[in-house]
Structure formats: C-alpha cells, structure tokens
1. If you check Ser61, Ser28, Ser20, which single one turns out to be touching a Phe, Trp or Tyr at 6+ places or on another chain (Cβ under 6 Å) and of a type outside the set (A, V, I, L, M)?
2. Scan the stretch 60-67 and tell me whether some residue there is out of contact with any strand residue (DSSP E or B) (no Cβ under 6 Å at 6 or more places or on another chain), in contact (Cβ under 8 Å) with a residue 40 or more places away in the chain and within 15 Å of Val112 (Cα to Cα).
3. Restricting attention to the stretch 19-67, and to residues there that are among the charged types (D, E, K, R) and in a loop (DSSP other than H, G, I, E, B), which single residue is least open to solvent (accessible area, probe 1.4 Å)?
4. Can you pull out the residues in the stretch 52-74 that are at pLDDT 95 or above and not charged (D, E, K, R)?
5. Among the residues that make up the stretch 71-90, is at least one of them closer than 15 Å to Leu3 by Cα, charged (D, E, K, R) and in contact with a Leu (Cβ under 6 Å, 6 or more places away or on another chain)?
6. Return the residues of the stretch 68-114 that are open to solvent by less than 30 Å² (accessible area, probe 1.4 Å), over 24 Å from Val11 (Cβ atoms) and more than 14 Å from the chain's Cα centre (by Cα); say none if nothing qualifies.
7. Between a residue in the stretch 97-114 that is farther than 16 Å from Tyr36 by Cα and any residue that is aromatic (Phe, Trp, Tyr) and surrounded by 11 or more Cβ atoms within 10 Å (Cβ to Cβ), which pairs come within a Cβ distance under 9 Å, given they are 6 or more apart or on different chains?
8. I'm trying to understand the selection: among the residues of the stretch 81-103, which are outside any loop (DSSP other than H, G, I, E, B) and either polar (S, T, N, Q) or within 20 Å of Gly54 (Cα to Cα) (or both)?
Amino acid sequence: VQLQASGGGWVQPGGWLRLSCAASGNISSIIAMGWYRQAPGKRRELVAAINSGGSTSYAESVKGRFTISRDNAKNTLYLQMNSLKPEDTAVYLCSASTYYVNYWGQGTLVTVSS
C-alpha cells in the first residue's frame, strides 16, 4: 500500500484546511485508516481514524472541529480541519492499517499562525 498526502499549508487561526491522502496498491487489505500528527518536540498522536465499516473516532482536542472521511471510489482519505488553532500546527501523516502491518505516507505540514 502506498499513501500520498497533500493539502497542508499555512492558515490563520480560525481558518480551515482539507488534507487528502490518496491510497494505491493492495487497497482491499486495508481495514482502517487514520491521520496522525507530530509537532516539534512532541510525540506523534492519533488525530482521527475511520475503519472499514465507516466508524470514526477523534482525539478530544479536535472533536467538533475536524472531520475524517473517505471516498472509496477515489481511494482517498480526507481530513477536514475547521476552526484551526495554533496548537494544531504539526506535520500530519496518513496511515493505513491491515491485519499485519501499518503503512505510512509522507507528512504534510500544517502551520496555523497569524
């Protein structure tokens, strides 16, 4: 499985961005996908996840502001990020899980500042 993330950039506090993660390869083996983020000097954290049944989960810090979704026809995962805060600044990475291994895409940088 190969993952290609895009959509990061700079945005002012209160703004929005939408991240995309295009998946290719053995798509049928994926049982869940997620977005993680890692800020400088901090541990990588799970931001949002979605499983093959469409169930979603979110970190408490982003609930009500971020929405994870997927387009199966396009093999693409999305993260809609609204009401962005400076503390959301981080490198965001998408991940795909099979029963045996986790795959990672390259990160995309999100910077929230005025």
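1. Ser20
2. No, there is no match, as no residue in the stretch 60-67 is out of contact with any strand residue (DSSP E or B) (no Cβ under 6 Å at 6 or more places or on another chain), in contact (Cβ under 8 Å) with a residue 40 or more places away in the chain and within 15 Å of Val112 (Cα to Cα).
3. In the first step, residues of the stretch 19-67 are kept if they are among the charged types (D, E, K, R); the result is 37, 42-45, 60, 63, 65.
Keeping just the survivors that are in a loop (DSSP other than H, G, I, E, B) gives 42-44, 63, 65.
Details: Lys42: 134, Arg43: 212, Arg44: 105, Lys63: 108, Arg65: 27 Å².
It comes out as Arg65.
4. Scanning the stretch 52-74 gives Ser55, Thr56, Ser57, Tyr58, Ala59, Ser61, Val62, Gly64, Phe66, Thr67, Ile68, Ser69.
5. There is no residue in the stretch 71-90 that is closer than 15 Å to Leu3 by Cα, charged (D, E, K, R) and in contact with a Leu (Cβ under 6 Å, 6 or more places away or on another chain).
6. Thr98
7. Between residues of the stretch 97-114 that are farther than 16 Å from Tyr36 by Cα and residues that are aromatic (Phe, Trp, Tyr) and surrounded by 11 or more Cβ atoms within 10 Å (Cβ to Cβ), the close pairs are Val112/Trp10; Ser113/Trp10.
8. Met81, Leu93, Cys94, Ser95, Ala96, Ser97, Asn102, Tyr103, listed by residue number.
The values are calculated or read from the model by the stated rules, or taken from the named source; none is laboratory data. This is a predicted model, so every value here is computed, not measured. All Cβ positions, glycine included, derive from the backbone under ideal geometry; neighbour counts span all protein chains shown. What goes into the accessible areas is simple: the full protein's heavy atoms, side chains included, and nothing from ligands, DNA or RNA. Shrake-Rupley method; radii C 1.70, N 1.55, O 1.52, S 1.80 Å.
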